[in-house]
Amino acid sequence: MTQAVQRQGVLLMWYADFVRTFGNVLFAVSLFLVWGALTLIGVIVEQGQDAALYFQAYPAPLARAIVRLGLDNVYHSPWYVGIVGLILLSLGVCTFKRVIPARLPPLRAVAIDKIPLHAEIEAPGECETLRRKVADFFASRGWQLRERTFGGVEWTFADKHNWARRGVLVAHAGFVIIAAGTTLFWARGFSGETAILTGQTVDVPQTHARIRLDDFAYRITPIMTKSGMVYQPVDYVSHVTVTGRDGVARKMTVRVNHPIDVDGTLYYQASYGFGAQFTVSRNGVRDAPLSQRTFLEGDSFDVPGTTRAVVYERFVPTVDRASGAPAADPRVNDPAVVLGVSDTGASLGEALVPLRTWIDVGGETRVVPRRYVLYSGFQYRYDPGVPLVGIGAFVLLSGLVIAFYFLPARLYVRVDAAGPGRCRIGAAATTVKGYDVFESQFARLMVSLNTEVA
């Protein structure tokens, strides 16, 4: 028996420590700071890449830390899921051990004159009759009445908008639903991006959907402003053939802000650009692999037989004929490419090369920009938690509206004998938002009550 009591005492002590720790506001804030730091790491460090990429982008010790700690997939790491779980646990403890007791106080006797909002009214008549009048008065004005007896004294408790005390609880529930929706995305969702050349077909690795870019078109409108000519992109559209899980090829159109849905994954029109094909020859002999390849902006190739490399830096749609420099007009008129040349990583400079002209890059190698090919940049995202996040946002907003725009108030009323044929009505008021916000309403209510019972 003694051991059972001791075990129970130990469990109660552990429970008290648990509630004290997870119900502490500073502890909850610390969890949110850690969660924010991990989320920031997920934004800064590109997610889901090969380990080699991190060793290229970061110093070796930092790259090893990223890979070993799972920061290359931080949103699915035990650190991230664990901190979210601790936040939800802390939120639950705070809700049921701090918010609910504060928001839903029990009915109890109070010292009326110790509450800042209080008043006393003397009226003639029997106390029982006055109690019925007081009850009828508050009930007629929409107050919810409950009567209790404490120590032989009868109390009347009147509540207005008592349901609104749960506004904070509703807001907390909305946050939990949002967290569940985002957790569902971390567990099962994914996102990515890809660039597709006109006529090219790509497979999306996460869904195995096949997308072929049949045609891409864009429209630029020149607008004259006070500062000069501005070229405003009006629209860019991708016409694609998509094959989903059912194996049926479908013609679809992707526009800006008008994504397509393929097996629950949304594909957005994110960008566009110009690929380039080059004729690369050495001593007049064409290099077939390089000449057949289509390069995207930023791609590079090594010059055969040398330590040099050529980078296709960017496409220039229009070259100013007077100055020979790139023009501001993004429409393709007199196109050129900007090529950069480096030797063992050291830059040797860059050159503007119009299409179908040539440049010698060393090692008796000549590069001729032959033609350009439009490509379309897509972003895709599968988020099964979107419905939950939407529901949670609505619940959270509803809770905040309830908490901020409705004023729950409670009146403590007792009627006592004050002498032969007279009674004293004592009333006090409390709210969840302090006393000042209810002061004028309480004064008007007491004036009306005095008129009613006089």
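The values are calculated or read from the model by the stated rules, or taken from the named source; none is laboratory data. Here the structure is a predicted model, which means the values were calculated and not measured. Neighbour counts are summed over all protein chains in view; Cβ atoms, including those assigned to glycine, are modelled from backbone coordinates with ideal geometry.
Structure summary
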| item | result |
| --- | --- |
| Among (1) closer than 23 Å to residue 177 by Cβ; (2) at pLDDT 85 or above - the single one residue 37 does not satisfy | (1) |
| Residue within region 412-426 that is of a type outside the set (Phe, Trp, Tyr) and in contact with a His (Cβ under 6 Å, 6 or more places away or on another chain) present | no |
| Test: residue in region 1-19 that is part of a helix (DSSP H, G or I), farther than 24 Å from residue 90 by Cβ, more than 23 Å from the chain's Cα centre (by Cα) and of a type in the set (A, V, I, L, M) | yes |
| In region 54-75, the residues that are part of a helix (DSSP H, G or I), of a type outside the set (Gly, Ala, Ser) and surrounded by 13 or more Cβ atoms within 10 Å (Cβ to Cβ) | 54, 55, 62, 64, 66, 67, 71, 72, 73, 74, 75 |
| Segments classed as strands (runs of 3 or more DSSP E), wholly inside region 140-221, with at least 2 members that are in contact with a Phe, Trp or Tyr (Cβ under 7 Å, 6 or more places away or on another chain) | 144-150, 153-160, 190-197 |
| Qualifying strands (runs of 3 or more DSSP E) (wholly inside region 347-454; at least 3 residues being under 42 Å from the mean Cα position of the chain (by Cα)) | 365-382, 409-419, 422-431 |
| Filter result for the condition that a residue is without any contact (Cβ under 8 Å) to a residue 24 or more places away in the chain, assigned to a strand (DSSP E or B) and in contact with a strand residue (DSSP E or B) (Cβ under 6 Å, 6 or more places away or on another chain), over 241, 253 | 253 |
| Meets criteria (outside the structural domain of residue 200 (by TED's automatic domain parsing), part of a strand (DSSP E or B) and in contact (Cβ under 8 Å) with a residue 40 or more places away in the chain) for residue 339 | no |
| Candidates 163, 186 - the one that is of a type in the set (Phe, Trp, Tyr) and at pLDDT below 85 | 186 |
| Condition check for residue 98: under 26 Å from residue 181 (Cα atoms), in a helix (DSSP H, G or I) and modelled with pLDDT under 80 | yes |
| Answer from 210, 219 - the residue that is surrounded by fewer than 19 Cβ atoms within 10 Å (Cβ to Cβ), touching a residue at least 24 places away in the same chain (Cβ under 8 Å) and not assigned by TED's automatic domain parsing to the domain that holds residue 431 | 210 |
| Those residues of region 208-227 which are out of contact with any Lys or Arg (no Cβ under 8 Å at 6 or more places or on another chain) and either farther than 27 Å from residue 192 by Cβ or hydrophobic (A, V, I, L, M, F, W, C) (or both), in sequence order | 211, 213, 216, 217, 219, 221, 222, 223, 224, 225, 226, 227 |
